[in-house]
Amino acid sequence: MQDKVEERSLVNVLNRLRKDGYKYDFKVGQDGKLCTMEEKESFAPDQVRIVDHYRFEGESNPDDMSILYAVETANGLKGTISNSYGPYADEGVDTFLKQVEDLGKNLDKKDK
């Protein structure tokens, strides 16, 4: 992946990620797993890796803050999932991504 450049626009970041092969849009399904929008495949936290993340702040309203994650699945699907901050955040997305982050931290500790 390219060096991180300060990006001000979600659209600009999404366009760059698409060029880098992150073509799937993901969501967290009713079962609490990450899935493609078409729900053809789903993935548990241990099958997902967060490659990068980007934070965006609303220019006029702090409620417009969001975060975009670039993720890769165990079978090689690359895509993105986003969430808001604060009261508008999707708790299912937060819970799933926290589990993925915690797994990554535990793997880092085993390597040392």
Exercise. Looking at the range 61-102, which of its residues are touching a Phe, Trp or Tyr at 6+ places or on another chain (Cβ under 6 Å) and hydroxyl-bearing (Ser, Thr, Tyr)?
Worked result: 66, 73, 80
Problem set entry | The one condition in (1) of a type in the set (Gly, Ala, Ser); (2) at pLDDT 90 or above; (3) part of a loop (DSSP other than H, G, I, E, B) that residue 60 fails to fulfil | (2)
Seminar exercise, completed: Result of the Cβ filter at 7 Å on the range 89-105, keeping first residues that are hydroxyl-bearing (Ser, Thr, Tyr) and partners that are outside any helix (DSSP H, G or I), at least 6 apart or interchain, is none
For this session: Mind listing whichever residues of the range 30-49 are more than 19 Å from residue 101 (Cβ to Cβ) and part of a loop (DSSP other than H, G, I, E, B)?
Result: 30, 31, 37, 38, 39, 40, 41
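The values are calculated or read from the model by the stated rules, or taken from the named source; none is laboratory data. None of these values were measured; they are calculated from a predicted model. Every residue, glycine as well, gets a Cβ built from its backbone with ideal geometry; the counts of neighbours run over all protein chains shown.
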